[in-house]
């Protein structure tokens, strides 16, 4: 077959015209539109695997496009002699070294990625601790600006714990000794709006504070009790009949929880193989009362058949407990326990392989309840944990704080809650994220001084 050459010297078949480049661009655009439609159908599919496959395809396509973009930019940089390339600023050098540490690159790999000489990068590493105006790597910022390592800590925490919103991150850091405002967290992590989970949590807690009829005056005054189902790895769905399985073991667990209204602390939980009866719920509440030492004055629940019956009301009279029931169909009428139930599923059972053994399920819930009470700050409690409120101990976010800004006046206020500065100013911090019983969904955050 005879060939002809395009303007760029690329051999083309004899039947092609010189407008083939426009045709290629149009073909790429049509292919992109077709992929967008296909990914939209996958994203709105009810099949979880199809949605995940669609997300994976979009991520793979985005990575490929980013690599192509970087290849084009790198080719342009490589055409410039090294001496004619602009110098990196001190802040950019620090970012390069941070990325090198995060990616675990060698000096050779980092130098090749950023088009610098390997010896230059080694010189940066040797001079990273220099101070003063002539330091090769330095951070010049206004008085109220946090050092770049603080930004790095926030972004690292966001990467390690992506389910946390800006308020929760601010509260976790405040408990560790670093007080940052939620707006500062949002600006650093490039978030402009709170996530949908945070918005729903705030709505539930605000609704609980404004629509409740019974007011808790002290820990143990009012309890919330509710039941929920937790699917196992088998799930509920089947491709026959009504596309669902019976709501009982081995397809799901029934979990009963009791939450203290005043402190939001979980005072008890129980796991059942099938829907519990009213007698089962009463025995569960008896165990919770023995654990806490005294019965509450009120117990708030919905009007499920376990609670809306004569047996349960007689049990309440014997215990001198006044039962209260949430309004049927009214959003937020039992918001406290609904908030915990949502947290239990989003932070625990949907992040693990739910076990099929009863003791293993109880062990997983025991770890989560301990972490929830001891380590998880609550927005409704101002960043305190439920156990700190229940036991009336000094909260961790009220203790003296670290101050990474070296020129920040000691008498000036910090982000809420206001505390005094611990030690010298301008301290550098190291983020340590541990995990309760090696459960990756139960993080314990700590900040330590860099020696």
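Each value in this text was obtained by applying a stated rule to the coordinates, not by laboratory testing. The model shown is predicted, which means the values in this text are computed figures rather than measured ones. Cβ atoms come from the backbone with ideal geometry, glycine included; neighbour counts cover every protein chain shown.
Place the peptides 364-371, 164-171, 402-409 in order of packing, highest mean first, counting for every residue the other Cβ atoms within 10 Å and averaging per peptide.
164-171, 364-371, 402-409
Can you give me the orientation-averaged projected area of the convex hull built on the Cα atoms of the stretch 48-189, in nm²?
Taking a quarter of the hull surface, the average projection is 11.9 nm².
At residue 297 and residue 346, where each label point lies 7 Å from the Cα along Cα→Cβ, what is the point-to-point distance in nanometres?
Using points 7 Å along Cα→Cβ, the separation is 3.2 nm.
Figure the gain on full extension for residue 310 and residue 108 (residue separation times 0.36 nm, minus the Cα-Cα span) and round it to one decimal in nm.
Difference between extended and current length: 65.1 nm.
Report relative contact order for the stretch 350-398 in percent, whole number only (criteria: Cα-Cα under 8 Å, sequence separation at least 6).
Answer for the stretch 350-398 is 21 percent.
Counting other beta carbons within 10 Å of each residue's own, what order do 391, 148 fall into, fewest first?
So the ranking, lowest neighbour count to highest, is 391, 148.
Work out the FRET efficiency for residue 406 and residue 247 from their Cβ-Cβ distance, taking R0 = 60 Å, and round it to the nearest 0.05.
Taking R0 as 60 Å, the efficiency between residue 406 and residue 247 is 0.50.
From zero outward in steps of 10 Å, how is the percent of C-alpha pairs of the stretch 82-126 spread across the bins?
28, 63, 9
Provide, as a two-decimal number, the C-alpha radius of gyration of the stretch 287-393 over 2.2 N^0.38 Å, N being how many residues it has.
Cα-based Rg divided by the globular estimate yields 1.24.
At a Förster radius of 51 Å, what calculated FRET efficiency corresponds to the Cβ-Cβ distance of residue 115 and residue 221, to the nearest 0.05?
Working from the Cβ atoms, E equals 0.20.
Multiply the residue separation of residue 75 and residue 439 by 0.36 nm, subtract the distance between their alpha-carbon atoms, and state the gained length in nm to one decimal.
Result: 126.6 nm gained on full extension.
Please give the contour-minus-distance gain from residue 159 to residue 425: 0.36 nm per residue of separation, less the Cα-Cα distance, rounded to one decimal in nm.
93.0 nm
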